[in-house]
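**Student:** The following block contains the structure, expressed as C-alpha cells.
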Amino acid sequence: MNIKNMKHGCCSHSTYKKKILLAVLVAGAVSSIIFSCAGTIPSPTEIDIRRMKLRWPDTRKQDLDDGRIFYINRCSGCHSLHSPEHYTEQQWKKIFPGMAVRAHLLENESKSIFRYLLTFAKDSSYTMK
Ligand code: HEC
C-alpha cells in the first residue's frame, strides 16, 4: 500500500489501536494453532480435573499428573510420543490396549495413562472449549 493513500484519516488513532489489537489476536490464534500442531503433551489443569470428575468421580489431580508422567516415561521407548490430541477417544480405545501390552504396563499405570489420554483426546466431549 502506498503511504500517500493513508492520508484520508483512514488510520485515526482509535482505528490504529484496533488494528494493533486485531494483529495481536491473529498472532495469538496462529501461534496457538502452530503450537497444537507441534504435538503437545498437555499438563492437566484444575479445569481438566473438574471436567473429568464428571466422568470418573474418583479422579484426583494426582491421577492425571501420574498419567502424564507414566505416559512420558513408559510410552516413549519405541517411538516419539504422540500428542493425546491427535487421536479421538475411539482411536485411543483401539490403539491403547495393544500398546499397553507392548509397554508391559502395570494396572495402575495403564489406568492413569488411559484416563490421561482420554482427557485430552481430540473429541473429548468433556472439553470446555
Ligand atoms: C515395545 C515398543 C512400543 C512401546 C513401548 C509403545 N509402542 Fe506405540 N507403537 C509401537 C509400534 C511398533 C508402532 C507402529 C506400528 C503399530 O501400530 O503397530 C506404534 C504405534 C503407536 C501409535 C500410532 C498408532 C496409529 O495407528 O497411528 C500410537 C498412538 C502409540 N503407538 C501409542 C503408544 C502408547 C500410548 C504407548 C504406551 C502405553 C506406546 N505406544 C508404547 C511400539 C511401541
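**Student:** Taking region 57-90, which residues are of a type in the set (Gly, Ala, Ser), in a helix (DSSP H, G or I) and over 19 Å from the mean Cα position of the chain (by Cα)?
**Tutor:** none
**Student:** So which residues in region 101-114 are part of a helix (DSSP H, G or I) and farther than 15 Å from Asp66 by Cβ, if there are any at all?
**Tutor:** Val101, Arg102 - these are the residues of region 101-114 that are part of a helix (DSSP H, G or I) and farther than 15 Å from Asp66 by Cβ.
**Student:** Something else now. For region 89-127, which residues satisfy the criterion of being of a type in the set (A, V, I, L, M, F, W, C), under 20 Å from Thr59 (Cα atoms) and surrounded by fewer than 18 Cβ atoms within 10 Å (Cβ to Cβ)?
**Tutor:** Of everything in region 89-127, just one residue is of a type in the set (A, V, I, L, M, F, W, C), under 20 Å from Thr59 (Cα atoms) and surrounded by fewer than 18 Cβ atoms within 10 Å (Cβ to Cβ), namely Leu106.
**Student:** Within region 68-89, how many residues turn out to be in contact (Cβ under 8 Å) with a residue 40 or more places away in the chain and near the ligand (Cβ under 6 Å from one of its atoms)?
**Tutor:** Adding up the residues that qualify gives 1.
**Student:** Any idea which of Ser83, Ser112 is in the same structural domain as Arg50 (by TED's automatic domain parsing) and closer than 13 Å to Ile41 by Cβ?
**Tutor:** Step by step, each of Ser83, Ser112 is checked, and only Ser83 is in the same structural domain as Arg50 (by TED's automatic domain parsing) and closer than 13 Å to Ile41 by Cβ.
**Student:** Given the structure, is His86 out of contact with any Ser or Thr (no Cβ under 8 Å at 6 or more places or on another chain) and surrounded by 14 or more Cβ atoms within 10 Å (Cβ to Cβ)?
**Tutor:** Yes, satisfied.
The values are calculated or read from the model by the stated rules, or taken from the named source; none is laboratory data. Computed from a predicted model, the values in this text were never measured in an experiment. Quick reminder, even Gly has a Cβ in these numbers, built from the backbone with ideal geometry, and neighbours come from all protein chains shown.
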